[in-house]
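Undergrad: My structure is below; once you've seen it, I'll send some questions.
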Amino acid sequence: MIKHTIAALAATLLLPFGAAQAQDGDLELLEPGVLSAATEGTYPPFSMRAPDGKLDGLEIRVMGEIAKRLGLEYKPVLVKWESVLIGLEADQYDIVSVAMDITEERQQKVMFSDGWLESGGRVVVRKDSDITTPADVKGKKVGGLVASNWTKIAEELGGEVKSYKAESDAMQDLANGQVDAIITDAVAAAYAIQTSNLPLKLVEEPVSSIQKGFAIKMGKPNLAKAVNGALADMIADGTYATLTEELIGVDVAPKDPIRTIFP
């Protein structure tokens, strides 16, 4: 009996910190052994469908690797953007992997992991547009994802805002002349323009610089610590860069990540 106990303890000590926690059932998960994560599945390159129909994207790859390192089954849950925080509060999933900006307002409602990606907002216009700076959208029709920071920025710039539930719809409307510009994430926009062959371009001057974090319900510090540990390890050993550069050609890990605020 003693030998078995020693062997089990030794095996646990050899596991990464997060995996040891997961074995102990100490991660405040809704279902033991399963990490359920809310994603949209419609926001390339963060979450999308691969040609074979499977979910793929930056957040899918990173969250899948985190789950793997914690010894957990990764379970993506498809949720519409405007409902992700409502579902988190209602315990419909453990974590939100949707590409969500870390803001002071959101930090009052949820606990974010350390920043996992650094990007910023950019104005996207048609190639023949006379809009050359963010200020030029004043009085123009500007599209943005509903309930996002982008629509707020568009309003602050004096744009006539049109909200969209899917980024792809906004891009298509812009190409068709239904709106004069859209504001969105620089990474998402660059990827969409590159892969869609739409006659669009990014305005050079950014409208914001942000980091994205995985949202976790308040009161789950062990889950946040485990996710942060797995994320830091995969960045340090080069796995993060390998997973992300394959999709967008650059390593977007924050050089100085925003850290989790623990109550």
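Undergrad: How many residues does the range 221-263 contain that are in contact (Cβ under 8 Å) with a residue 12 or more places away in the chain, over 13 Å from SER113 (Cα atoms) and either in a helix (DSSP H, G or I) or aliphatic (A, V, I, L, M) (or both)?
TA: Within the range 221-263, residues that are in contact (Cβ under 8 Å) with a residue 12 or more places away in the chain, over 13 Å from SER113 (Cα atoms) and either in a helix (DSSP H, G or I) or aliphatic (A, V, I, L, M) (or both) number 12.
Undergrad: Can you tell me which condition VAL124 does not meet? The list is (1) within 17 Å of LEU200 (Cβ to Cβ); (2) aliphatic (A, V, I, L, M); (3) modelled with pLDDT under 95, and all the others hold.
TA: Going through (1) within 17 Å of LEU200 (Cβ to Cβ); (2) aliphatic (A, V, I, L, M); (3) modelled with pLDDT under 95 one by one, VAL124 breaks only (3).
Undergrad: Filter the range 141-161 down to the residues that are in contact (Cβ under 8 Å) with a residue 12 or more places away in the chain and surrounded by fewer than 18 Cβ atoms within 10 Å (Cβ to Cβ) and list them by number.
TA: Answer for the range 141-161, where residues must be in contact (Cβ under 8 Å) with a residue 12 or more places away in the chain and surrounded by fewer than 18 Cβ atoms within 10 Å (Cβ to Cβ): VAL146, ALA147, GLY158, GLU160.
Undergrad: If you don't mind, there's one more thing I want to ask. Any residue in the range 209-230 that is out of contact with any strand residue (DSSP E or B) (no Cβ under 8 Å at 6 or more places or on another chain) and within 14 Å of ARG61 (Cβ to Cβ)?
TA: Yes, some residue in the range 209-230 is out of contact with any strand residue (DSSP E or B) (no Cβ under 8 Å at 6 or more places or on another chain) and within 14 Å of ARG61 (Cβ to Cβ).
Undergrad: OK, next. State the number of residues belonging to the range 55-101 that are within 10 Å of the chain's Cα centre (by Cα), at pLDDT below 95 and among the acidic types (Asp, Glu).
TA: Total satisfying the criteria: 1.
Undergrad: Of all residues in the range 112-126, which are farther than 17 Å from PHE46 by Cβ and either in a loop (DSSP other than H, G, I, E, B) or under 14 Å from the mean Cα position of the chain (by Cα) (or both)?
TA: Within the range 112-126, just ASP114 meets the criteria.
Undergrad: Now for a separate question. Can you pull out every residue in the range 171-188 that is under 19 Å from ASP130 (Cβ atoms) and touching a strand residue (DSSP E or B) at 6+ places or on another chain (Cβ under 9 Å)?
TA: ASP173, LEU174, ALA175, GLY177, GLN178, VAL179, ASP180, ALA181, ILE182, ILE183
Undergrad: For the range 4-54, which positions are over 26 Å from LYS225 (Cα atoms), of a type in the set (A, V, I, L, M) and at pLDDT 50 or above?
TA: MET48, ALA50
Undergrad: Filter the range 181-195 for residues that are over 21 Å from VAL146 (Cβ atoms) and among the small types (Gly, Ala, Ser) and give the result.
TA: ALA190
Undergrad: Which of the residues that make up the range 149-192 are assigned to a helix (DSSP H, G or I) and under 13 Å from TYR43 (Cβ atoms)?
TA: Scanning the range 149-192 gives TRP150, GLU167, SER168, ASP169, ALA170, MET171, VAL187, ALA188, ALA189, TYR191, ALA192.
Undergrad: Would you pick out the residues in the range 127-140 that are surrounded by 16 or more Cβ atoms within 10 Å (Cβ to Cβ) and part of a loop (DSSP other than H, G, I, E, B)?
TA: SER129, ILE131, LYS140
Undergrad: Out of everything in the range 67-83 that is on the phi < 0 side of the Ramachandran plot and either part of a loop (DSSP other than H, G, I, E, B) or among the aliphatic types (A, V, I, L, M) (or both), what residue ends up being surrounded by the most Cβ atoms within 10 Å (Cβ to Cβ)?
TA: Once the filter is applied, the top-ranked residue is LEU70.
Undergrad: Right, something else. Please enumerate the residues belonging to the range 33-79 that are of a type outside the set (A, V, I, L, M, F, W, C), more than 19 Å from ILE248 (Cα to Cα) and out of contact with any helix residue (DSSP H, G or I) (no Cβ under 9 Å at 6 or more places or on another chain).
TA: Selection gives SER36, ASP52, GLY53.
Undergrad: Given (1) surrounded by 20 or more Cβ atoms within 10 Å (Cβ to Cβ); (2) assigned to a helix (DSSP H, G or I); (3) not charged (D, E, K, R), where does GLY64 come up short, assuming only one miss?
TA: Here GLY64 clears every test but (1).
The values are calculated or read from the model by the stated rules, or taken from the named source; none is laboratory data. Values in this document were obtained by computation on a predicted structure and should not be read as measured data. No Cβ is skipped: glycine too gets one built from the backbone with ideal geometry, and neighbour counts run over all protein chains shown.
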